[in-house]
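Only one structure is covered here, and it is reproduced in the block below.
A short reminder: the numbers here are calculations on the coordinates, not readings from a lab. Predicted, not measured: the structure shown is a model, and the values here were computed from it. Here the Cβ positions follow ideal geometry from the backbone for every residue, glycine too, while neighbour counts run over all protein chains shown.
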């Protein structure tokens with residue numbers, strides 16, 4: 001659905017029709033035939049105002065725009081690929097980080113990526129660019145080699161340098177706003193519970209979990225303040241940086 005919306009400018013009134021059509025197409029690819037819902041049942045269960053013929057026409061339009069290529073790489077696919085390269089080359093790329101720390105990084109990156117996927121402003125961003133920007137921002141807090149690693153992955157995935165810079169800046173703003181919202185909620189919760197020491201704490205949200213994970217990951221209570229930092233290093237050069245021993249393979 002994200003790929004289709006990246007290619008066309010859809011009116012809001014058609015978004016539900018697009019969503020149902022994409023879901024129906026995905027179910028026919030992934031599920032066994034007997035598990036694929038009937039289109040009429042799907043429309044009824046989704047409380048959809050569109051008819052069967054309208055859903056069918058939307059399916060045809062989606063297939064046409066995507067050139068029948070429905071098995072495209074998602075931002076999560078690229079993130080998994082980039083992360084796998086870090087794991088395979090940990091001793092070279094992240095020599096000062098343990099296997100346990102690198103293992104904790106994976107779920108944190110996925111959670112941050114999920115926050116990005118909820119942003120309508122990022123719908124038009126290429127999957128590879130979004131995944132690389134998320135990883136690059138996190139690596140900036142991890143290692144002084146973050147720029148070299150970013151450039152190597154950028155060249156491997158054929159991502160434009162200006163796109164990475166622009167996406168990093170946008171993600172930094174998104175994470176900064178999320179951090180501010182979490183801080184305000186914590187202050188409000190603390191003021192309410194000050195006179196109730198025995199009261200059980202409220203469950204944290206997904207965003208709160210992110211910054212708690214950062215604190216555990218870096219062992220620094222102030223680490224959450226760095227989560228939205230933006231480096232100017234990406235503006236200082238393009239490409240041209242090689243990484244000995246870095247495996248290059250098609251993504």
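Enumerate the residues in the range 49-66 having an amide nitrogen under 14 Å from the point lying 7 Å beyond the Cα of residue 27 toward its Cβ.
Under cut-off, by backbone N: 52, 55-56.
Report the FRET efficiency, 1/(1 + (r/R0)^6), for residue 160 and residue 6, where r is their Cβ-Cβ distance and R0 is 22 Å, rounded to 0.05.
0.90
Along the Cα→Cβ direction, 7 angstrom out, place labels at residue 123 and residue 148. What is the inter-label distance in nm?
Result: 4.1 nm between the two label points.
When the Cα atoms of the range 9-89 are enclosed in a convex hull and the volume is divided per residue, what value in Å³ results?
For the range 9-89, the hull spanned by Cα atoms encloses 138 Å³ per residue.
Multiply the residue separation of residue 72 and residue 15 by 0.36 nm, subtract the distance between their alpha-carbon atoms, and state the gained length in nm to one decimal.
Net length gain for the segment: 18.5 nm.
For the range 1-66 and the range 86-141, what is the centre-to-centre distance using only Cα atoms, to the nearest Å?
What the calculation gives is 31 Å, centre to centre.
At a 10 angstrom cut-off on C-beta neighbours, averaged per residue, how do the peptides 127-140, 109-122 rank from highest to lowest?
127-140, 109-122
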